[in-house]
1. Taking L51 as meeting all but one of (1) more than 16 Å from ligand 3 (Cβ to nearest atom); (2) more than 13 Å from the chain's Cα centre (by Cα); (3) among the hydrophobic types (A, V, I, L, M, F, W, C), write down the number of the exception.
2. Looking at the range 171-189, which of the residues that are within 16 Å of ligand 3 (Cβ to nearest atom) and touching a Leu at 6+ places or on another chain (Cβ under 8 Å) is farthest from Y131 (Cα to Cα)?
3. Being hydrophobic (A, V, I, L, M, F, W, C) and within 16 Å of ligand 1 (Cβ to nearest atom) narrows it down to one of I106, I200, so name that one.
4. Can you pull out every residue in the range 1-43 that is in contact with a strand residue (DSSP E or B) (Cβ under 8 Å, 6 or more places away or on another chain) and either β-branched (V, I, T) or more than 8 Å from ligand 1 (Cβ to nearest atom) (or both)?
5. If you scan the range 166-175, which residues turn out to be charged (D, E, K, R) and open to solvent by 30 Å² or more (accessible area, probe 1.4 Å)?
6. Out of G28, G22, G15, I need the residue that is without any contact (Cβ under 8 Å) to a residue 60 or more places away in the chain and within 16 Å of ligand 3 (Cβ to nearest atom). Which one?
7. Kindly indicate whether S162 is within 28 Å of R99 (Cβ to Cβ), in a loop (DSSP other than H, G, I, E, B) and modelled with pLDDT of 95 or more.
8. Taking the range 215-235 as the region of interest, how many residues are surrounded by 18 or more Cβ atoms within 10 Å (Cβ to Cβ) and either closer than 27 Å to M27 by Cβ or among the aromatic types (F, W, Y) (or both)?
Amino acid sequence: MVIPDHVALILDGNGRWAKKRGLPRTMGHKEGCVTVEKTVEIAARMGIRYLTVYGFSTENWKRSVEEVGALMQLFRYYMVRLLKIAKANNVRVKMIGERSRFDRDIVEGINRLERETKDNTGLTFVIAVNYGGRDEIVRAARRMAEDLEQGKIEKEEITEQSFASYLDTAGIPDPDLLIRTSGELRLSNYLLWQLAYTEIYVTDCLWPDFDKEELEKAIAAYNKRDRRFGGVRTT
Ligand code: IPE
Ligand code: IPE
Ligand code: MG
């Protein structure tokens, strides 16, 4: 079985998982964090090179103050745990998204995670927080426009490749496989540029229930796909 280099995940269904059990939504998020931890270890052992997870979207601020507050508390707590897990598993952590909207201690925690794991050579674990695909593209366009204004680049140098180097994901290959849990058939503003030719797999499994078996099922489905990238199959 071919292991995809880069797996992107939309971890959805924490709320539904909790509701099914008569628990508050925040309990679903807590359980979801445990699943993220486990998934990082499983992916690292499977030999996946890049794992990108959607933790909090630019639209998730619309949720109640209580839910957003609880999610921030979980970030605080799990950032510390993640640092330990990353060190133990040779994992390099990188955050994408617009971080200035977070409290200062969270921003510092993110910077520390990136700094202290930057030389690790195993799995690269990318976390999308306060991330929106459109927001990322607009921020990239602005920075590119600044460089143009300052004469650092010429108009003719604007290409798909150079533009991608202004995105938060600069240096990271595009995802091969996108997995969305909980059955929704949409992208919800995730990696809009990067998912151009990614294979999409949706499972009804709720995120807190996701495990090694579910990941293997997704990879098995990926192995049956015929990736043509707009070309024609010759064999
Ligand atoms: C995903 O679970 C986690 C976040 C978006 C932070 P949800 O909270 O969206 O769970 P559902 O979709 O309501 O079940
Ligand atoms: C997408 O899930 C965002 C994350 C998983 C962080 P949502 O639950 O926010 O997406 P919608 O609202 O169902 O599109
Ligand atoms: Mg959801």
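The values are calculated or read from the model by the stated rules, or taken from the named source; none is laboratory data. Quick caveat, the model's predicted, so the values are computed rather than measured. Methodologically, a virtual Cβ is constructed for each residue, glycine included, from the backbone with ideal geometry; neighbour enumeration extends over all protein chains shown. For accessibility, only protein heavy atoms count, side chains too; no ligands or nucleic acids. Shrake-Rupley method; radii C 1.70, N 1.55, O 1.52, S 1.80 Å.
1. (2)
2. Ranking the candidates gives S182 first.
3. After applying the criteria, what remains is I106.
4. Pass one, the range 1-43, residues in contact with a strand residue (DSSP E or B) (Cβ under 8 Å, 6 or more places away or on another chain): 4-12, 36, 39-40, 43.
The answer is P4, D5, H6, V7, A8, L9, I10, V36, T39, V40, A43.
5. D174
6. G15
7. no
8. 3
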